[in-house]
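A short worksheet on the structure shown next.
The values are calculated or read from the model by the stated rules, or taken from the named source; none is laboratory data. The model shown is predicted, which means the values in this text are computed figures rather than measured ones. So basically every Cβ, Gly included, is an ideal-geometry build from the backbone, and we count neighbours across all protein chains shown.
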Amino acid sequence: MTLELVLGFGLLLLLLVLALLWSHWPAWAKLLLVVGATGLYFVADERVHQMWGWPSSDALPERFVLLAAVIEEPSPRSKGALYVWVNALDNGRPAREPRAYRLPYAKDLHALLDEGMKKARQGVSQMGTAEPKSGTRGLSWLRPGNDEQKVKIRDLPTPQLPEK
């Protein structure tokens, strides 16, 4: 999939260069072509970035249900990583589809995820929160990455049923 995307963008870039250099289009049409291609790049980048199935290196959602975790401990060959599969909570409701995230390895987070997965195997659902470390606020494209978050995991509260 990645090779096809790279080749597709390379072909688009070649056509754009040919159109800019050897066409007899007016300057405003060439400018419109450059602006359109630039906009297409950012839209495509966002779409590819949100592809389902591949672990994202984005920041975790603010509130989520922990579904699974795989821990890759550091070794001489790799820095290690924590892979988590979570379902974001929005207004108390889970998102339609879960998402995989790749977090940098940290010993304390390893222990936290390990404990959470033990409880999940015992049938106790786990809820997590991720908040930016103090002093990191910003616009959407400047939001902190997953290495600048404080993650907490606790038991999911039992739902309150209405009285009959």
Within the stretch 71-96, how many residues are out of contact with any Asp or Glu (no Cβ under 6 Å at 6 or more places or on another chain) and over 18 Å from Thr129 (Cα atoms)? 10
Scan the stretch 92-111 for residues that are closer than 23 Å to Trp54 by Cα and among the aliphatic types (A, V, I, L, M) and jot them down. Ala95, Ala100, Leu103, Ala106, Leu109
Selected residue (criterion: modelled with the lowest pLDDT) from residues of the stretch 81-127 that are of a type in the set (Gly, Ala, Ser) and loosely packed, with under 15 Cβ neighbours inside 10 Å: Gly92
When the residues of the stretch 10-49 are narrowed to those that are small (Gly, Ala, Ser) and touching a residue at least 24 places away in the same chain (Cβ under 8 Å), which ends up nearest to Arg102 (Cα to Cα)? Ala44
Go through (1) aromatic (Phe, Trp, Tyr); (2) over 15 Å from the mean Cα position of the chain (by Cα); (3) modelled with pLDDT under 90 for Trp28 and report which single condition fails. (3)
On the basis of being under 30 Å from Gln126 (Cβ atoms) and hydrophobic (A, V, I, L, M, F, W, C), does Leu60 make the cut? yes
Any residue in the stretch 134-151 that is modelled with pLDDT of 90 or more, more than 15 Å from Asp58 (Cβ to Cβ) and surrounded by 12 or more Cβ atoms within 10 Å (Cβ to Cβ)? no
Verdict on Asp58 being surrounded by 10 or more Cβ atoms within 10 Å (Cβ to Cβ), among the acidic types (Asp, Glu) and in a loop (DSSP other than H, G, I, E, B): yes
What's the number of the only condition in (1) in contact (Cβ under 8 Å) with a residue 24 or more places away in the chain; (2) out of contact with any Pro (no Cβ under 6 Å at 6 or more places or on another chain) that Glu4 fails to meet? (1)
Kindly provide the set of residues from the stretch 72-119 that are over 19 Å from Arg154 (Cβ atoms) and of a type in the set (A, V, I, L, M), ordered by number. Ala81, Ala95, Ala100
Of the residues in the stretch 61-80, those that are surrounded by 11 or more Cβ atoms within 10 Å (Cβ to Cβ) and among the basic types (Lys, Arg) come to Arg63
